[in-house]
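Visitor: Handing you a structure now.
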Amino acid sequence: MKAVTSDVLVRQLRWRYATRKFDRGKKIPPEEWQALEEALVLTPSSIGLQPWKFIVVTDQATKERLSAAAWKQAQPADCSHYIVFAVRKNLDAEHVDRHVARMSEVRGEPVESLAKFRAMVMRNLDKERAAERLDVWQTHQIYIALGNFMTAAAVLGIDTCPMEGIDLPEFDRILGLSDTPFGAVVSCAAGYRAEDDRYAAMAKVRFKPEDVIVHV
C-alpha cells in the first residue's frame with residue numbers, strides 16, 4: 001500500500017525551498033518531530049555503519065550562539081529545531097564492534113556468526129584509512145542523511161534550510177564536540193516559513209528533466 005501518492009510527493013517537493021526566513025513563534029509539534037528523528041535514524045549508510053550523530057538544538061541561547069557562528073545568518077536562531085550533522089571521524093574497531101553487537105541484538109544472531117561480516121568491514125575501513133580517505137568516505141554519508149531529512153520534512157509540510165556556511169571548529173566548541181571523535185559537517189534549520197518571506201513565492205528554477213536525466 002502506498003503511504004504517499006506520487007502526486008503528493010512531487011507537490012511537496014515543488015513546495016519546499018531553502019527557507020530564508022522562519023517564523024520564530026511557530027514550533028514543530030512533538031509527534032511530527034519524533035517522526036523526523038525516526039527518519040534520521042532510518043537513513044541508509046554504507047555497510048550500515050551509521051558514522052554520525054545528529055545534534056538537535058532547541059535551546060534558544062544555544063541557537064543564538066550557533067547563529068553567530070553561522071556568519072550571523074538568522075535561520076539557526078529563528079527556526080524551531082536546528083540540527084547539526086556530525087561525522088564519526090577515523091572509524092575504528094570499537095565502532096564496528098558496536099554495530100555488530102547491535103546487529104546481533106536486532107536480528108537475534110550470535111555475534112560469532114557475524115565474524116566474516118566484521119572482517120569485511122575492517123578490511124574496507126583499513127583500505128580507506130591507508131589511502132587517507134576514510135573520513136572523506138564517511139563524511140559523504142552525512143549528506144544522505146541530510147537529503148533524507150529534508151524530503152521527510154517536505155512530505156510533512158515542514159520547512160528546512162540546509163546550511164554549510166558555518167564555522168565548523170566553533171560549532172564543535174559550542175556543542176562540546178571538540179574533544180570527541182565527532183565533528184560537525186553541515187547543519188539544517190527546520191520549522192515554518194514566515195508569512196513575509198518574499199522568497200517563498202518565487203518560482204523554483206531547475207533544468208528540464210531531459211537536461212539532467214539520461215535513460216540508458
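Please treat every number below as a calculation from the coordinates, not as lab data. The structure presented is a predicted model; accordingly, all values stated were derived computationally and were not measured. Cβ sites come from the backbone with ideal geometry, for glycine too, and all protein chains shown count toward neighbours.
Visitor: How do Ser187, Ser46 line up, fewest other C-beta atoms within 10 Å first?
Guide: Ser46, Ser187
Visitor: Using 32 Å as the Cα-Cα cut-off, could you pick out the over-long pairs in Lys2/Lys53; Lys2/Lys27; Lys127/Lys204; Lys2/Lys89; Lys53/Lys208; Lys27/Lys72?
Guide: From Lys2/Lys53; Lys2/Lys27; Lys127/Lys204; Lys2/Lys89; Lys53/Lys208; Lys27/Lys72, over 32 Å: Lys127/Lys204; Lys2/Lys89; Lys53/Lys208.
Visitor: Once you charge only the Cβ atoms, +1 for Lys and Arg and -1 for Asp and Glu, what is the size of the charge dipole of the stretch 9-157 about its Cα centre, to the nearest 20 debye?
Guide: The dipole of the stretch 9-157 has a size of about 620 debye.
Visitor: Using C-alpha positions alone, give me the convex hull volume of the stretch 68-128 per residue in cubic angstrom.
Guide: 122
Visitor: Just for the Cα atoms in the stretch 126-188, what are the lengths along the principal axes, largest first, rounded to whole Å?
Guide: Each principal axis gives a Cα extent; for the stretch 126-188 these are 44, 28, 18 Å.
Visitor: Return the percentage of antiparallel bridges among DSSP beta bridges fully within the chain, rounded to the nearest 5 %.
Guide: 95
Visitor: Separate question: With the Cα gyration tensor of the stretch 155-216 in hand, convert its eigenvalues to equivalent ellipsoid semi-axes via √(5λ) and list them largest first in whole Å.
Guide: 32, 21, 11
Visitor: Using only Cα atoms, tell me the angle between helix 93-107 and the longest principal axis of the chain; keep it within 0 to 90° and round to the nearest 10.
Guide: Tilt relative to the chain: about 80 degrees.
Visitor: In which sequence would Asp92, Asp78 go, from the one with the fewest C-beta neighbours within 10 Å to the one with the most?
Guide: Asp92, Asp78
Visitor: Specify the angular offset, from 0 to 90 degrees and rounded to the nearest 10, of the alpha carbon long axis of helix 134-155 from the longest principal axis of the alpha carbons in the chain.
Guide: Approximately 40 degrees, to the nearest ten.
Visitor: Which of Trp15, Trp33, Trp71 comes first, and how do the rest follow, when ranked by fewest Cβ neighbours within 10 Å?
Guide: By the 10 Å Cβ count, ascending: Trp71, Trp15, Trp33.
Visitor: Could I ask something else about it? Given the options Pro30, Pro76, Pro181, which has the most mean-square fluctuation in a GNM of the chain, springs set between C-alpha atoms less than 10 angstrom apart?
Guide: Result for the chain, Cα springs under 10 Å: Pro30 fluctuates most.
Visitor: Return one number: the angle in degrees, 0 to 90 and rounded to the nearest 10, between the long axis of the Cα atoms of helix 30-41 and the longest principal axis of the Cα atoms of the chain.
Guide: Result, in degrees: 40.
Visitor: Here is a further query. Where in the stretch 65-147 are there GluC sites (Glu not before Pro) that are in a DSSP coil and have at most 15 other Cβ atoms within 10 angstrom of their Cβ?
Guide: Glu132
Visitor: Next question, about the same structure. Past the 18 angstrom mark, what percentage of all C-alpha to C-alpha distances in the stretch 102-151 do you count?
Guide: Above the 18 Å cut-off, the stretch 102-151 has 55 percent of its Cα pairs.
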